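Presented below is the structure to which this report refers.
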Amino acid sequence: MKVAKVEPKEPPAPTFTTIVSEMGSPVTFDSVFAQVREIPRFKDEFETTSQFEERQAVARADCEKLYLIETPVDDEYARYDADKQILVVVTYALTNTRASSDELNAAFGYGSELRKSGQELGFSTISSNVMWALPRERRNVGTYDGSNAFGATATITKQEGVARGVFEREGKYKENVWVEAPEPYKYGKETPEPVAFEIKADPSTAKALKEGGLRAAILVSPAPPFYVTGVDTFSPTLRAPYDRKTDVRYLIGDIQCAALYDANGKLLATRATR
């Protein structure tokens, strides 16, 4: 009697919900950036390739393969369907911030640190990048009197800021970080807002979530060249009397999923990105 040979089955791949649950609480962008920027990105001319790769491997061993980075939620883009008892969270609630073309040029364009090192990363200045931009930080640091060539004067406000984000790659036309089903073109019809999450909730729970109770995070796997920095400057004019300097800090990596939490840190749902 022949006995059939049973091949061992591969264990199922963990879902994003499992991965995110096991990682615990999200961490700040700045804490991840501080750790990842310890990874050397450029080979010194006086070291061999193997020496550089060894130096890089040592630094990468001190970093995580995945980071769960907290990101804000804009409650304006959450709405409740009382009949279905579902809280609908539109994608704009999480990705309503966009990187400016000046910030992208500072990070990747001519004169950037990557270009100077001989490394180039494709990017677009017309919002067709696969990336996640965080809200900018900006503060006034003083004022001074300025004038133009015609003698017109104005009080100039000096500003300093930080632009943060995770850059994955240059996108195609209308491609973004979300996997979206293409909507059929309907002349004269409003295109429905793309939905990120639908959370089953009773009215009181949904009300608490909508009124400031939502938290979110993104799951990111760092990838070469790991990070990029740059400085974006804005020169004052009479119409825009601001002398502005913005430090640009982007992590480079694979944005794998977004996670939604309540105010107590309970995981509500995960959604795969690209």
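Residues in the range 37-58 that are touching a helix residue (DSSP H, G or I) at 6+ places or on another chain (Cβ under 9 Å) and in contact (Cβ under 8 Å) with a residue 12 or more places away in the chain: Glu38, Ile39, Pro40, Arg41, Phe42.
Taking the range 67-81, which residues are over 14 Å from Leu134 (Cα atoms) and either small (Gly, Ala, Ser) or not in a strand (DSSP E or B) (or both)? Result: Asp75, Glu76, Tyr77, Ala78. Taken across the range 115-136, residues that are of a type in the set (Val, Ile, Thr), in contact (Cβ under 8 Å) with a residue 24 or more places away in the chain and in a helix (DSSP H, G or I) do not occur at all. Restricting attention to the range 36-81, the residues that are crowded, with 16+ Cβ neighbours inside 10 Å and polar (S, T, N, Q) total 2.
For the range 131-178, residues that are out of contact with any Gly (no Cβ under 9 Å at 6 or more places or on another chain), of a type in the set (Asp, Glu) and under 22 Å from Pro222 (Cβ atoms) total 1.
Entry remark, the range 33-61: residues being over 20 Å from Val228 (Cβ atoms) and charged (D, E, K, R) number 4 in total. Applying the condition of being over 17 Å from the mean Cα position of the chain (by Cα) and outside any loop (DSSP other than H, G, I, E, B) to the range 82-101 and asking which residue is surrounded by the fewest Cβ atoms within 10 Å (Cβ to Cβ) yields Ile86. Just so you know, in the range 157-176 the residues that are at pLDDT 95 or above and more than 21 Å from Thr71 (Cβ to Cβ) include one that is nearest to the chain's Cα centre (by Cα), and it is Glu160. Residues in the range 122-156 that are at pLDDT below 90 and within 27 Å of the chain's Cα centre (by Cα) were compared, and the one that is surrounded by the fewest Cβ atoms within 10 Å (Cβ to Cβ) is Ile126.
The values are calculated or read from the model by the stated rules, or taken from the named source; none is laboratory data. Being a predicted model, the structure only gives us computed values, none of them experimental. Reconstructed Cβ throughout: ideal geometry from the backbone, glycine too, with neighbour counts over all protein chains shown.
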